[in-house]
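Structure, as structure tokens:
The values are calculated or read from the model by the stated rules, or taken from the named source; none is laboratory data. What you see is a predicted model, and the numbers here were worked out from it, not measured in a lab. All Cβ positions, even for glycine, are placed from backbone atoms using ideal geometry, and neighbour counts span all protein chains on display. Quick note on the areas: whole protein, heavy atoms, side chains included, nothing else; ligands and nucleic acids left out. Shrake-Rupley method; radii C 1.70, N 1.55, O 1.52, S 1.80 Å.
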Amino acid sequence: MNPTVRRALPAVSALLALAACGAGPSAPDVAVPSPEGEAADACRALAGELPERMDGAERGELDEDSPFAAVWGDPAIVLRCGVERPGPLTPGSDAYDPLGAEVVGVNRVNWLLEEQDGGVRFTTAEREVFVEVTVPDAYAPEVNPLLDIVDAIERRIPADALWAERVPEDAGAPSPENEAENEPEHHAGHDAAGAEG
């Protein structure tokens, strides 16, 4: 009598297919900064105030939880706190170009704007700690997500000494007459839509 051969391969294939469907997007690969001292303290304070949604995108997870990095959505909006001073603002750097650097103001926070392949990188300017936010083109206009974090940055990331002298801490909320000054400035097609809210 010949033995019966049972082929289980189709069932295995089905199980693999189900596993693939339920896996979901993998955590983005993010180089987490390692700030120290007061910079690390400021970043930890900022982490406690980051929103669950950024421009409608839900907060995601990193491979390793850290107060120095956060992500939202897919493709991911990536925030890194405590990064090095960006090249265009670093004297002696090959990229140093303070006059040619493009800066966009969102409320009371200024950002260096650098075009990237597939998106835009924003880095806080005139702050004692550098916060970097990379926004993919899928969220264009790419400046819009910044509206969801500028208040937290204003509270938790100190302005550098020169900037603090120019913008008094008790400046308060904008009056109707100067409300337009709190709109994100228009730079290279990266205007923020719906900034009144």
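Given a 1.4 Å probe and the protein chains as shown, ASP151 ends up with an accessible area of around 90 Å².
Add +1 for every Lys or Arg and -1 for every Asp or Glu among the other residues with Cβ under 14 Å from the Cβ of GLU38, and state the total. Net charge around GLU38: -1.
From a point 7 Å beyond the Cα of ALA27 in the direction of its Cβ, which residues of the stretch 59-95 have a backbone N at a distance under 17 Å? From the stretch 59-95, the list is 59-74, 76-81. For the stretch 17-130, relative contact order (Cα pairs under 8 Å, six or more residues apart, normalised by length) works out to 19 percent.
Near GLU102, the amide H atoms lying under 5 Å from its own belong to LEU113; only residues 5 or more places off or on other chains count, and H is placed 1.01 Å from N. Distance between the 7 Å Cα→Cβ label points at GLU49 and ASP160: 2.1 nm. Extension gain, ARG85-ASP65: 0.36 nm per intervening residue step, less the Cα-Cα distance, totals 4.8 nm. Multiplying the residue separation of GLN116 and ASP41 by 0.36 nm and removing their Cα-Cα distance gives an extension gain of 24.1 nm.
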